[in-house]
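**Student:** One structure, as structure tokens, below. Some questions next.
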Amino acid sequence: MSRPRVEVRVDDLTGTEVRALLADHLAGMHATSPAESVHALDLSGLRGPDVTFWSAWVGDDLAGCGALKELSATSGEVKSMRTAPTHLRQGVAAAVLERIVATARERGYDELLLETGHGPAFDAAHRLYERFGFAPCGAFATYEGDDPFSRFFRLGLARDGG
């Protein structure tokens, strides 16, 4: 069975479907982690000048989203990865992550980092990141390293695109 074509495009966060998916994302994070361990950005955070946000579409259906936050001239952070429940296991998250990694390379970043949750609810996400070459790492930026509800990953990016 072939996978549906996923269109990933920069999004201005004004659409009601996108806003609803992000509300579900935040609710899901709060349902699986204590409040102090939820590091998902809200709408105002995603609209920051240092963030690029993408939505993923299968035809007219919102299928998922993700964002890239610039941490410095040489590093970025993956944020707000979410797949709509009706599009799970259809390659949506992979398509979004491919776009994020490609954009990080285009910007000349040396590394791409991310923080995600810990526990069974996050196992599929951990497998996705590992499949893309992300490896566990320590806390970065303003994250606390001793948070048992957080896992940190890093992907080294070669300047030559390889």
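**Student:** Do the sum for the chain: with -39,500 (n - 2.57) for every DSSP H run of n ≥ 4, divided by all residues, what is the mean residue ellipticity at 222 nm, to the nearest 500 deg cm²/dmol?
**Tutor:** -8500 deg cm²/dmol
**Student:** If r is the Cβ-Cβ distance from R9 to R107 and R0 is 25 Å, what FRET efficiency results, to the nearest 0.05?
**Tutor:** 0.90
**Student:** Also: Rounded if a/c is under 1.5, else prolate if a/b is larger than b/c, else oblate: which is the range 50-142, with a ≥ b ≥ c the root eigenvalues of its Cα gyration tensor?
**Tutor:** oblate
**Student:** Related question: Figure the gain on full extension for T32 and L88 (residue separation times 0.36 nm, minus the Cα-Cα span) and round it to one decimal in nm.
**Tutor:** This chain segment gains 18.3 nm when fully extended.
**Student:** With a 1.4 Å probe and all protein chains left in place, how much of the accessible area of the range 1-62 comes from carbon and sulfur atoms, in whole percent?
**Tutor:** 52
**Student:** Taking 7 Å along the Cα-to-C-beta vector as the label spot, tell me the R47-D146 distance in nanometres, rounded to one decimal.
**Tutor:** About 3.8 nm separates the two model spin labels.
**Student:** Here is a follow-up. For the range 1-29 and the range 58-108, what is the centre-to-centre distance using only Cα atoms, to the nearest Å?
**Tutor:** One Cα centre to the other: 10 Å.
**Student:** What accessible area per residue comes out for the chain, rounded to a whole number of Å², with a 1.4 Å probe?
**Tutor:** 52
**Student:** Explain nothing, just compute: Karplus ³J(HN,Hα) = 6.51 cos²θ - 1.76 cosθ + 1.60, θ = phi - 60°, for every residue of the range 6-15 in order, whole Hz, x for Gly and Pro.
**Tutor:** 9, 9, 10, 9, 4, 10, 8, 6, 9, x
**Student:** Still on this model: How large is the translational diffusion coefficient of the chain in µm² per second when you combine the Kirkwood radius over alpha carbon pairs with Stokes-Einstein at 20 °C and 1.002 mPa s?
**Tutor:** Value of D from the Cα-based Kirkwood radius: 134 µm²/s.
**Student:** By accessible area of protein heavy atoms, probe 1.4 Å, what ranking do E130, E144 get, highest first?
**Tutor:** Correct descending sequence by accessible area is E144, E130.
**Student:** So which trypsin sites (Lys or Arg not before Pro) in the range 19-93 end up in coil per DSSP with only 16 or fewer other C-beta atoms within 10 Å?
**Tutor:** Loop-located and lightly packed - R47, R89.
**Student:** L71's amide H: which non-local residues (gap 5+, or another chain) put their own amide H closer than 5 Å, with H modeled 1.01 Å from N in plane and none for Pro or chain starts?
**Tutor:** Amide H neighbours of L71: G76, E77.
**Student:** Which residue, T16, S150, S55, has the largest displacement toward the positive end of the dipole of the chain when charges sit on each Cβ (Lys, Arg +1; Asp, Glu -1)?
**Tutor:** Of the candidates, S55 comes out farthest on the positive side.
The values are calculated or read from the model by the stated rules, or taken from the named source; none is laboratory data. Note that the structure is a prediction, hence the values are computed from the model and not measured. Quick reminder, even Gly has a Cβ in these numbers, built from the backbone with ideal geometry, and neighbours come from all protein chains shown. Surface accessibility is based on the protein's heavy atoms, side chains included, excluding ligands, DNA and RNA. Shrake-Rupley method; radii C 1.70, N 1.55, O 1.52, S 1.80 Å.
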